[in-house]
Amino acid sequence: MGAANLRIVSLVPSATEIVAQLGYGQYLVGRSHECDFPKAVLDLPICTEPKFDPVGSSGEIHERVSDLLASALSVYRVKTDLLAALQPTHIITQAQCEVCAVSLSDVEAAVATLVSAQAEAIQVVSLQPQCLADVWSDMGRVAIALADSAESLAASRAIVEQVKARLQPVETVNSRPTVACIEWTDPLMAAGNWVPELVTLAGGTDCLGKAGAHSDWISWDDLIGADPDIIVVMPCGYDLAQTRQATAEMARRAEWTQLKAVKNNRVYITDGNQYFNRPGPRLVESWQILTAVIQGDIAHIDGVCPL
């Protein structure tokens, strides 16, 4: 299949960014309701929608999503009729988290419906990164799926290597500060997967998250016990304004003022939606944010500000 015949639907923001980074953005014909970067994709048809009201406090959203999952229901809906009209050659999705984006099983069910009505087969590429190495591997898998020649594949692989090369460990002279990365505020969740690796590369020590493991729920006792030097709040799907509100709600708890990071004004809020929650090429920017936070110099860095 020649590149000119590609018709790509991306159902997860990180995949959309990977496709664009590899040079195939012009072949995107559909996106998820959360795909918003690069800005050109905003004009594409939206192929998914949430089954819950996404407006509310962290606790309210958690309860709505938990109720859906407890009832064995999908959190998101795939617009099968729209997919049929778009006639994609490739659908890129994820199998990592049913809360973050449409599930692989929902995509497979939609594709099964389309196969009977579409002459050409649809290639589904499912991403499931747990660590930085998986992110680079997934970018390579997308490159293989979309390349139409050895030359285009080699060019895409070179792009992946260029992205990887930008992530370099920060040299530390003094002891590494302990860092708690909070991926959800009510209830508390410590960021896992690739985030602890980014903290290490940025010169810190993640005191709650586990590299290569799913983000996990923690208690306030866990947070108090760790008593990190720095707290970085990065709720999944939240921009800076939403993160500020969620952090303000978290700060109403009596335990909040006991924390060393709070006493020393080392609490930072970030745009987790644009950076830390998307396992794609912009994890380089996520590392830059963490480096600036740990070094105490965020003046010229987008996507982060002190609480």
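The values are calculated or read from the model by the stated rules, or taken from the named source; none is laboratory data. What you see is a predicted model; the values in this text were computed from it and never measured. Positions of Cβ are backbone-derived with ideal geometry, glycine not excepted, and every protein chain shown enters the neighbour counts. Note: areas computed on protein heavy atoms with side chains; ligands, DNA, RNA excluded. Shrake-Rupley method; radii C 1.70, N 1.55, O 1.52, S 1.80 Å.
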Check segment 67-77 and report whether any residue there is at pLDDT below 90, crowded, with 20+ Cβ neighbours inside 10 Å and in a strand (DSSP E or B).
yes
Across (1) closer than 20 Å to Phe276 by Cα; (2) among the β-branched types (Val, Ile, Thr); (3) out of contact with any helix residue (DSSP H, G or I) (no Cβ under 7 Å at 6 or more places or on another chain), Thr257 clears everything bar (1)
Give me the pairs, please: first residue somewhere in segment 291-307 and over 17 Å from Val262 (Cα atoms) and assigned to a loop (DSSP other than H, G, I, E, B), second residue anywhere and of a type in the set (Gly, Ala, Ser) and open to solvent by 30 Å² or more (accessible area, probe 1.4 Å), beta-carbon distance under 9 Å, and either six or more positions apart or on two chains.
none
Selection count where residues are aliphatic (A, V, I, L, M), surrounded by 15 or more Cβ atoms within 10 Å (Cβ to Cβ) and assigned to a helix (DSSP H, G or I), scope segment 148-171:
4
Within the set of pairs 6 or more residues apart or between chains, which connect a residue that is among the acidic types (Asp, Glu) inside segment 104-119 to a residue that is modelled with pLDDT of 75 or more and buried (at least 16 other Cβ atoms within 10 Å of the Cβ) with Cβ atoms less than 6 Å apart?
Asp106/Val78
Got at least one residue in segment 224-231 being in contact (Cβ under 8 Å) with a residue 12 or more places away in the chain, over 26 Å from Glu34 (Cα atoms), aliphatic (A, V, I, L, M) and open to solvent by 40 Å² or more (accessible area, probe 1.4 Å)?
yes
Looking at segment 194-226, which of the residues that are outside any strand (DSSP E or B) and polar (S, T, N, Q) is nearest to the chain's Cα centre (by Cα)?
Ser215
If we scan segment 289-307, do we find a residue that is over 30 Å from Ile159 (Cβ atoms) and either hydroxyl-bearing (Ser, Thr, Tyr) or touching a Cys at 6+ places or on another chain (Cβ under 9 Å) (or both)?
no
What residue, among those in segment 30-65 that are open to solvent by less than 30 Å² (accessible area, probe 1.4 Å) and in a helix (DSSP H, G or I), is modelled with the lowest pLDDT?
Val65
Selected residue (criterion: modelled with the highest pLDDT) from residues of segment 81-132 that are aliphatic (A, V, I, L, M) and in a loop (DSSP other than H, G, I, E, B)
Ile122
Determine, yes or no, whether Asp186 is in contact with an Asp or Glu (Cβ under 8 Å, 6 or more places away or on another chain) and among the acidic types (Asp, Glu).
yes
